[in-house]
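These notes concern the structure reproduced below.
What follows is calculated from the coordinates using simple rules that are stated; it is not laboratory data. These numbers come from a predicted model, not from an experiment.
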Amino acid sequence: MSIAKRLAISIVGLSCMLTMAVRAEDYPTRQVTLVVPLGAGGALDILARTLGAKLADRLGKPFVVENRTAAAR
């Protein structure tokens, strides 16, 4: 078997495997928690909440922003 034929068979097999993996399951399947390592009300908290709202609209899953002041340590 020639190298070109082996390469073509490999590419077809790989593309079939990739399409099966893409169809497996939608991501995310449940709510997503964004952990902000600083206190509530700061610039990073506002950014995380804005980003979470836009991602929730786009992906159709709820995004929860959780502030943990000790998470940075």
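Numbers at a glance
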| item | result |
| --- | --- |
| Per-residue HN-Hα couplings for region 28-40 [Karplus 6.51, -1.76, 1.60; θ = phi - 60°; Hz; x = Gly/Pro] | x, 8, 9, 5, 10, 10, 9, 9, 9, x, 10, x, 5 |
| Length released on extending from R68 to A8, taking residue separation times 0.36 nm less the Cα-Cα span | 16.4 nm |
| Nonlocal amide H pairs with L34, under 5 Å, H built at 1.01 Å | V64, V65, E66 |
| Vicinal HN-Hα couplings computed from phi for region 46-51 (Karplus, 6.51 cos²θ - 1.76 cosθ + 1.60; Hz; Gly/Pro x) | 5, 4, 5, 5, 5, 5 |
